[in-house]
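Heads up: the structure comes next, in structure tokens.
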Amino acid sequence: MTFILDPSFHMIFVFAVTCVAITLFVRENLPIEATCVILLTALLLLGQFFPLMDANGYNQLSVAKLLTGFANPALVAVLALLVMGKGILQTDALRGVSGLLIRRDGKYVWISIVAILLFVIVFSAFMNNTPLVILAIPIMQSLAHSAKISESRILMPLSFVAILGGMTTLVGSSTNLLVSSSLQEIGYDPLTFFQFFVPGAILAGVGLIYVLLVVPWILPDRKTMVEELVDDKEFIAEIDVKEGTKLVGEECEEGLFPSLPDVTIKLIQRGGHLVLPPFEGYRIEIGDILIISATRETLTSLLAHFPAVLLSDDQENHFSRLAEEDKEKEREREGSADIERAVDKTHILAEIMIPPGSRYIDMSVEQAGLRHTFGTIILGIQRRARVVRRRFGRVRLEQGDVLLIAGSRKDVFAMKENPDVVVLSGSKEDIPLAKKAPMAMGIFLCVIGLAAFSVLSIPVAAIVGAVLMLATKCLNIRQATRALDRKIFFLVGSMLALGTALEATGGALAIADSILSLPFANNQLMMVGLLFGLVAISTNVLSNNACAILFTPIAVNLAINLGVDPVIFAITVVFAANCSFASPIGYQTNLLVMGPAHYQFKDFMKAGIPLMIVIWITYVLIAKFYYGIG
């Protein structure tokens, strides 16, 4: 059953659906994939029951047209590049290069930090920057520890330089490929590999100066979970409050529990919930788990009274036997030394991050079973720098989550070999290069060369590269499948459908006309600045890919009405959509560094908004003097 209505109905409906989708994206009440499916379903129902016929009698909102985005060459290229990036990460193909840049002795540490940032900004121009950032985070943390500086001062610059480098070439970011694809669908030639390299390099250079000279000094020192829980002179322990323990029923008075006067309680886990300081008025209950820090002498005394300290029953029995014999001074010293060694062995604290493509994404903590797989205990979870305050077992893991774990040194180090987690603050030992690293790097360089010199189109080159990664066993099918980010797949496919609907219903033209009705609409340079600002602000609220697809047809209509080359306005969208500096949700790499560095949302605004303004002003000057916009 179909109904023929006035075409204005279709445009109003598409605008309404767009507003609902934007609201859901911003509020994040639903997963991105769910919002995309809702958006796509609404458009499909619109096209099915209320077809929009063109002059030839074809439905412009047919199922075939709306679903074309899921087979879009740019989307296929993005997914293939993700597989290639996974191959590079899996084989540690870049670690040998990055290792040459690292110096951990004193005054050279800052030189190494700058060298790593330059390394990332160069390589992010030619490959997906998410694997680059995942590779660089532990290296940057290690350098920060060596220089005794806060990780929060250097990890945001890492994300920013990755974004800046992605502005320079067509494959530097999925955003660039999607703008090129949208431009091609409208009827123009796609962008070439180095078409906007010169202005992109200028913007990246200006941004790099700001990132190096300003960002590290305006960001606050923020402690990681490990630093918050560990004091150099104290050890971390865990008290399991069992029935019959003297602690049961004790109330916190003036910040202390009477039986634990020399102990600092960092948090209390009660029934899966986290209770954070202050504890004034709280009573200790049976089943509470107290995470404490104390000196070795305090632990020795504490073990004599509360033998439930530490994690395993075997260790508990061992330490209890030692503590019961502490009446003799010599024995107490030996017990103290044993405790120090055992706590150090058992309670190696580390932070691990859930990277994109991890099989643990969407699993609850219980389903992930890290304790059984690795023998480590989860002490805390951070999501976007906040501690998750709900029962650990029911928390579903997301990419970018940071878990504070405790376990033996051997178990924690063993996690470094698992691709489903990234150990952020564990061993500083170098991981040896994989045997397949030269093969993976050779495939990567060949693909980039073939695409750059137009021997193969980017989608074909990317697919060939992904297939070669599999054929040469640089990664297996399971790893390649996990590299395919379903958020990108659903977001790009649904937003391309929305772009098709906006173009078909005249919505894009209507938005362009409304912008052209502004008082200064006849000034081309002012319009370039307005378009850049509008897209740059939107990309920090939505996502860079969504903005690229939404604003490209609008930019083309603006350019046509102003008599400007539409390609220049499309390139404006490329640069503006990459300005996702002011929000952790604007770009994936921002989300990846947010947890490890303990950033807050306002930190991105503080450092990112000025950078966005600097890039904005620089591009307006480029538009005037490089592109000749008057």
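Applying the criterion of being farther than 17 Å from Leu178 by Cβ and of a type in the set (Phe, Trp, Tyr) to the residues of the range 48-75, the residue that is surrounded by the most Cβ atoms within 10 Å (Cβ to Cβ) is Phe50. The lone criterion from (1) modelled with pLDDT of 85 or more; (2) assigned to a loop (DSSP other than H, G, I, E, B) left unmet by Ile609 is number (2).
Which residue is farthest from Ser259 (Cα to Cα), if the candidates are limited to the range 218-231 and must be in contact with a Lys or Arg (Cβ under 8 Å, 6 or more places away or on another chain) and at pLDDT 60 or above? It comes out as Ile218. Considering only the range 146-156, I want to know if a residue exists there that is surrounded by 24 or more Cβ atoms within 10 Å (Cβ to Cβ) and touching a Ser or Thr at 6+ places or on another chain (Cβ under 7 Å). Yes; the residues of the range 146-156 include at least one that is surrounded by 24 or more Cβ atoms within 10 Å (Cβ to Cβ) and touching a Ser or Thr at 6+ places or on another chain (Cβ under 7 Å). For the range 602-630, a tally of residues being without any contact (Cβ under 8 Å) to a residue 60 or more places away in the chain and within 14 Å of Val214 (Cβ to Cβ) returns 2.
One line per residue, one yes/no per condition, for (1) surrounded by fewer than 24 Cβ atoms within 10 Å (Cβ to Cβ); (2) touching a residue at least 24 places away in the same chain (Cβ under 8 Å); (3) not assigned by TED's automatic domain parsing to the domain that holds Gly187:
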| residue | (1), (2), (3) |
| --- | --- |
| Ala559 | yes, no, yes |
| Val573 | no, yes, yes |
| Cys579 | no, yes, yes |
| Leu591 | yes, yes, yes |
| Met594 | no, yes, yes |
| Gln600 | yes, yes, yes |
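Against the list (1) modelled with pLDDT under 85; (2) over 21 Å from Gly493 (Cβ atoms), the condition Leu550 fails is (2).
Being outside any helix (DSSP H, G or I), aliphatic (A, V, I, L, M) and either in contact with a Gly (Cβ under 8 Å, 6 or more places away or on another chain) or at pLDDT 90 or above (or both) is a property that Ala582 has.
In this structure, is Glu234 over 23 Å from the mean Cα position of the chain (by Cα), over 30 Å from Ile549 (Cβ atoms) and either at pLDDT 90 or above or surrounded by fewer than 24 Cβ atoms within 10 Å (Cβ to Cβ) (or both)? Full working, then the answer.
Values: over 23 Å from the mean Cα position of the chain (by Cα): yes; over 30 Å from Ile549 (Cβ atoms): yes; either at pLDDT 90 or above or surrounded by fewer than 24 Cβ atoms within 10 Å (Cβ to Cβ) (or both): yes.
Here the answer is yes, as Glu234 does meet what is asked.
Please state which one of Ser180, Ser142, Ser174, Ser124 is of a type in the set (Ser, Thr, Tyr) and farther than 17 Å from Ala77 by Cα.
Values: Ser180 fails: farther than 17 Å from Ala77 by Cα; Ser174 fails: farther than 17 Å from Ala77 by Cα; Ser124 fails: farther than 17 Å from Ala77 by Cα.
So the residue among Ser180, Ser142, Ser174, Ser124 that is of a type in the set (Ser, Thr, Tyr) and farther than 17 Å from Ala77 by Cα is Ser142.
The values are calculated or read from the model by the stated rules, or taken from the named source; none is laboratory data. None of the values given here were measured: they were computed from a predicted structure. Cβ sites come from the backbone with ideal geometry, for glycine too, and all protein chains shown count toward neighbours.
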